[in-house]
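Worksheet for the structure shown next.
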Amino acid sequence: MSNANHYDVIIIGTGAGGGTLAYKLAPSGKRILVLERGDYVPREKDNWEPKAVNLEGKYQTKEKWRDIKGEELHPHTNYYVGGNTKFYGAALFRLRKEDFGELRHHGGVSPAWPISYNDMEPYYTQAEQLYHVHGERGEDPTDPGASAPYPHPAVSHEPRIQHLSDDFARLGLRPFHTPLGIQLNEQDPRKSPCIRCNTCDGFPCLVYAKSDSQVLCVDRAIEYPNVTLLTNAYAERLETDASGRRVTKVVVKRNGSREEYSGEIVVSSCGAINSAALLLRSANDKHPRGLANGSDVVGRHYMGHINSVLMAISKCPNPTVFQKTLSVNDFYLGSKDWDFPMGHISFVGKLDAQTLRAGAPAIAPDFTLELMASHSLDFWLTSEDLPDPENRVSLNSKGEIVLSYKLNNEEGHKRLIAKLESLMKQQTRCETHGHECHVGLFSRNIFLGQRIPLAGVAHQNGTIRFGDNPKTSALDANCRAHDVDNLYVVDASFFPSSGAVNPGLTIMANALRVGDHLIERLG
Ligand SMILES: Cc1cc2nc3c(=O)[nH]c(=O)nc-3n(C[C@H](O)[C@H](O)[C@H](O)COP(=O)(O)OP(=O)(O)OC[C@H]3O[C@@H](n4cnc5c(N)ncnc54)[C@H](O)[C@@H]3O)c2cc1C
Ligand code: SF4
């Protein structure tokens, strides 16, 4: 292989993990190659068009996976520079302190991480600064504590959401402002990159004001002369030397041809499902079950959270534009009447009729989809699913990705829904409709028909877990493969348990942490 194709570091994937790592390593002067299977998201009006984005799935991959029965599965995931952060809702939470330890759930045990919250804390602070997180420290009753305030003030509630927040507070809860990575300057709107629009969660930001890893990390990293980005570059396979201890080649398909690159360090950050698939595809004589898979955990313990989208319909309209500002964590670790964790309550972006058509909910009596959309508060409930070795990514004989997943630990989630139901019934009387104003809670059908929850793919994690024991984990505490000296993984694969808040900030913070380790290792 020519010297031109040899790099100090090769990073595969540019999402929350890979993009953040590229940003961190760029100033080191090391020769860095970043490989991304997708291209840039085209900037066009359709970026903000619910029909194109949600109904037609214009930007989703057209790749087909399989479920356990061999049925086709169309994953709601995105292959672009910036990965899924181009489309995410930018709710950027720290995991709770308790999530790093062993936590007893109704359905079993959520295992401990090999590092503590204190190990991650400085990197959470750095990630919040890098991704411009807006929030208010101390409001969240389960806040794990931080060494610095949020870099930007919380995004304000619109009147309907403020009203709900006041209602929740009156009922004894501690609702708080969702920490958000949108570059909104409410003090000086003319200078604000973000225009506070209704097409943020699930949409790419047409004006580049969302804190995604393309805009904030990859685009900045490639300004350094030592960093090269190749788009449309699909990492097909990793090859090792005869000992099996070093990755010597990254085999890439780019624009129809095969290319080979080598790196002193190779980092996979393809997302939890694709990184597992890459390692499984890279099986060889020394690694018969898949690269770095002496433990047989690669692909296993797939998690994606238990998520529900619940629409609370009122007779009064909900004119909110940017809805994702309110969260409730009072039931995260349990409640007076239930000793086990239940999870997290927050919002999705304001739903519209086109988006509802893509996953039609049960229709409220006397309502059309249009009416429901304009009268709903659209909640997002997240509970923790537990790592089950049988929930896994594997490959079939054609090399297609097979995703097997059986939901577990559901009781806490059911109780969380019941809590929300009860809270909504206790809202203050509406002056026009009295208590009858609240029609009820309706579940938006988030199942794709293949029994895989849509959000289960969005929050994918856990498939290449880190840990101290090489028999039960594939990566060590620095996210280096136990079995392969120069291979690292920095996407959401490393999670041994998933907590019940959105995973993005933890992936970013961890990439910064691993970045420090790599800088030290590279000297
Ligand atoms: C609609 C939506 C809303 C979300 N909202 C939130 C939110 O509000 N808060 C939050 O924290 N999280 C949210 N998430 C989840 C969040 O986006 C992901 O957790 C995060 O992006 C995962 O980071 P990652 O680095 O693991 O993978 P990704 O961001 O998926 O990046 C993986 C990258 O690898 C590339 N790739 C894959 N395979 C290969 C290959 N073989 N060769 C080369 N490149 C490859 C992909 O194209 C992609 O760019 C949301 C996700 C979605 C889809
Ligand atoms: S303008 Fe603001 S609210 Fe709209 S998509 Fe961009 S970041 Fe999100």
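The values are calculated or read from the model by the stated rules, or taken from the named source; none is laboratory data. No experiment lies behind these values; they were computed from the predicted model shown. Positions of Cβ are generated from backbone atoms using ideal geometry, with glycine treated the same way; all protein chains shown enter the neighbour counts. All accessible areas refer to the heavy atoms of the entire protein, side chains included, with ligands and DNA or RNA removed. Shrake-Rupley method; radii C 1.70, N 1.55, O 1.52, S 1.80 Å.
With a ≥ b ≥ c taken as the square roots of the eigenvalues of the C-alpha gyration tensor of the chain, please select rounded if a/c is under 1.5 and otherwise prolate if a/b is larger than b/c or oblate if it is not? Please report the intermediate quantities before stating the final value.
Numbers: a/c = 1.68, a/b = 1.59, b/c = 1.06.
It is prolate, given that a/c is not under 1.5 and a/b is the larger ratio.
For PRO389, what is the net charge nearby, where nearby means another residue's Cβ is under 15 Å from its Cβ and Lys, Arg count +1, Asp, Glu -1? Intermediate values should be presented prior to the final figure.
Values: positive: ARG289, ARG300, ARG392, LYS406, ARG465, LYS471; negative: ASP296, ASP385, ASP388, GLU390.
Local charge sum for PRO389: +2.
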| request: Check the cysteines of the chain one by one and keep only those with no other cysteine Cβ under 4.7 Å from their own. | output: CYS194, CYS197, CYS200, CYS205, CYS217, CYS270, CYS316, CYS479
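Mean separation of Cα pairs under 8 Å and 6+ residues apart, divided by the residue count of the stretch 141-283: what relative contact order is that in percent? Please report the intermediate quantities before stating the final value.
Values: 122 pairs, mean separation 16.9, N = 143.
Answer for the stretch 141-283 is 12 percent.
Give the residue list of GluC sites (Glu not before Pro) in the stretch 309-395 that are DSSP loop and have at most 14 other beta-carbon atoms within 10 angstrom. Intermediate values should be presented prior to the final figure.
On the way: sites: GLU370, GLU384, GLU390; in loops: GLU384, GLU390.
Counting only loop positions with at most 14 other Cβ atoms within 10 Å, the GluC sites (Glu not before Pro) in the stretch 309-395 are GLU390.
Considering only Cα-Cα distances, which of the following residue pairs are longer than 21 Å: LYS62/LYS253; LYS69/LYS406; LYS315/LYS414; LYS336/LYS419? Spell out each step's value before the answer.
On the way: LYS62/LYS253 17 Å; LYS69/LYS406 13 Å; LYS315/LYS414 26 Å; LYS336/LYS419 12 Å.
Pairs exceeding 21 Å: LYS315/LYS414.
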| request: Can you work out the accessible area per residue across the stretch 208-326, with the rest of the protein chains kept in place, probe 1.4 Å, in square angstrom? | output: 33
| query | Roughly how many percent of the accessible protein surface of the stretch 29-153 is carbon and sulfur, given a 1.4 Å probe and a whole-percent answer? | reply | 49
| Furthest towards positive pole of dipole, ALA353, THR142, THR125, structure part the chain, Cβ charges | ALA353
| note | Among the Cα-Cα pairs of the stretch 373-420, the proportion with separation greater than 18 Å, in percent, is 55
| said: What does the C-alpha gyration tensor say about the overall shape of the stretch 1-127? Classify as rounded when a/c is under 1.5, otherwise prolate if a/b is larger than b/c, or oblate. | reply: oblate
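Quick one: net charge of GLU236's neighbours, Cβ under 9 Å, K/R +1, D/E -1?
Details: positive: ARG237, LYS253, ARG258, ARG281; negative: none.
Residues near GLU236 contribute +4 overall.
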| task | Please check which bits of the stretch 233-266 a label hung off GLU63 would reach, taking the label as a point 7 Å along Cα-to-C-beta and the cut-off as backbone N under 11 Å. | result | 234-236
| task | Enter the angle in degrees (range 0 to 90, nearest 10) between the Cα long axis of helix 410-425 and the first principal axis of the Cα atoms of the chain, meaning the one along which they spread out most. | result | 30
| request: Search the structure for amide H atoms under 5 Å from the amide H of HIS438, placed 1.01 Å from N in the peptide plane, and list their residues when 5 or more places away or on another chain. | output: LYS315
| Computed over the stretch 265-402: relative contact order in percent, which uses C-alpha pairs under 8 Å that are six or more apart | 32
| said: I'd like the Karplus ³J(HN,Hα) series for the stretch 130-141: coefficients 6.51, -1.76, 1.60, θ = phi - 60°, whole numbers in Hz, and an x wherever there's a Gly or Pro. | reply: 4, 9, 6, 6, 9, x, 10, 5, x, 6, 7, x
| request: Check the straight Cα-Cα distances from LYS30 and name the aspartates and glutamates below 15 Å, setting aside those fewer than 8 residues away within the same chain. | output: ASP8, GLU223, GLU264, ASP516, GLU520
| Rounded if a/c is under 1.5, else prolate if a/b is larger than b/c, else oblate: which is the stretch 333-423, with a ≥ b ≥ c the root eigenvalues of its Cα gyration tensor? | oblate
| query | Amide H to amide H, which residues 5 or more places from ARG66 or on other chains are under 5 Å from it, using H placed in the peptide plane? | reply | LEU73, ILE401, VAL402, LEU403
| With every protein chain in place, the stretch 195-267: carbon and sulfur % of accessible area (1.4 Å) | 48
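Size of the dipole of the chain about the Cα centre, Lys and Arg at +1 and Asp and Glu at -1 on the beta carbon, nothing else charged, in debye to 20? Present the calculation step by step, with values, prior to reporting the outcome.
Values: 57 positive and 62 negative charges, 152 e Å.
Taking the Cα centre of the chain as origin, the dipole is about 740 debye.
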| Using θ = phi - 60° and the Karplus curve 6.51 cos²θ - 1.76 cosθ + 1.60, what whole-Hz ³J(HN,Hα) does each residue of the stretch 20-27 get, with Gly and Pro shown as x? | 5, 5, 4, 4, 5, 7, 3, x
| message | Compute the angle between helix 272-281 and the longest alpha-carbon principal axis of the chain, please, reported from 0 to 90 degrees and rounded to the nearest 10. | response | 30
| task | Give the long-range amide H neighbours of ASN486: residues separated by 5 or more places, or on another chain, with amide H under 5 Å away, using H modelled in the peptide plane at 1.01 Å from N. | result | VAL247
| field | Full-extension gain in nm, SER192 to ARG254, via 0.36 nm per residue minus C-alpha separation | value | 18.5 nm
| message | Apply the Karplus curve 6.51 cos²θ - 1.76 cosθ + 1.60, θ = phi - 60°, to the phi angles in the stretch 497-512 and return the couplings in whole Hz, x for Gly and Pro. | response | 8, 10, x, 9, 10, 4, x, x, 5, 5, 5, 5, 4, 5, 4, 5
| task | Taking just the C-alpha trace of the stretch 317-364, give me its Rg and Dmax in Å. | result | 14.9, 40
